1. With charges only on Cβ, +1 for K and R and -1 for D and E, what is the dipole size of the chain about its Cα centre, in debye, rounded to 20?
2. For the chain, build the charge dipole from Cβ charges (+1 Lys, Arg; -1 Asp, Glu) around the Cα centre, then report which of Ser37, Ile4, Val138 sits farthest towards its positive end.
3. Output the relative contact order of the chain, whole-number percent, from Cα pairs under 8 angstrom with separation of 6+ residues.
4. Per residue, how large is the accessible surface of the chain? Use a 1.4 angstrom probe and give square angstrom.
5. For the chain, take the longest principal axis of its alpha carbons; what is the angle in degrees between that and the long axis of helix 83-102, to the nearest 10 within 0 to 90?
6. With the full set of protein chains in place, find how many percent of the accessible area of region 31-141 is carbon and sulfur; take the probe as 1.4 Å.
7. Put one equal scatterer on each alpha carbon of region 3-102, apply the Debye formula with no solvent term, and list log10 I(q)/I(0) at q = 0.17 1/Å to two decimals.
8. Long-range amide H contacts for Ile12: which residues qualify at under 5 Å (H placed 1.01 Å from N, peptide plane, sequence gap of 5 or more or a different chain)?
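The values are calculated or read from the model by the stated rules, or taken from the named source; none is laboratory data. The model shown is predicted, which means the values in this text are computed figures rather than measured ones. Here the Cβ is made from the backbone with ideal geometry for all residues, glycine too, and neighbour counts use every protein chain on show. For the accessible areas, the whole protein counts, side chains as well, though only heavy atoms, and no ligand, DNA or RNA atoms are used. Shrake-Rupley method; radii C 1.70, N 1.55, O 1.52, S 1.80 Å.
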Amino acid sequence: MPSIPVTRSISIDSEELDESFTRSGGAGGQHVNTTDSAVILRFDVAASPNLPDAVKNRLAVLAGSRMTNEGVLVLRSEGARSQLLNRQEVRDRLLEMIRAATIVPKKRRPTKPSKAAKARRVHEKKGRSSVKAGRGKVRLD
């Protein structure tokens, strides 16, 4: 039961990954019609005991439509002609997604403009107003 290291504290068992193989689409010769080189990787995020709940939630947001309603992440790779390269590529993408989900986003601290910035804005606004007022018709009063 070899485990795949994701970060220093998180690793996933290779048994949690379900890989299936299918034929790649696109142009090709007769050999393409006989080889199953595309890889579909399924990873049950919801049932994984190795991922913390916070990471699971962030991973679900990152995955978007690639996550099923049951919490299974589905990734597909068919870029390379080799099944081995496609397997490696899809696993690398999964690990990168999990690493990205481990990063806790910083909380936004609301800020407000300084008094000097407010005064500058009002001053510039009045200047623009007077310029525009000067563009009107000349009145003889």
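1. 2540 debye
2. Of the listed residues, the answer is Val138.
3. With pairs under 8 Å counted, the relative contact order is 19 percent.
4. For the chain, the per-residue accessible area is 76 Å².
5. So the helix axis and the longest Cα principal axis differ by about 40 degrees.
6. 55 percent
7. Here log10 of I(q) over I(0) equals -0.75.
8. Long-range HN contacts for Ile12: Ile4, Val6.
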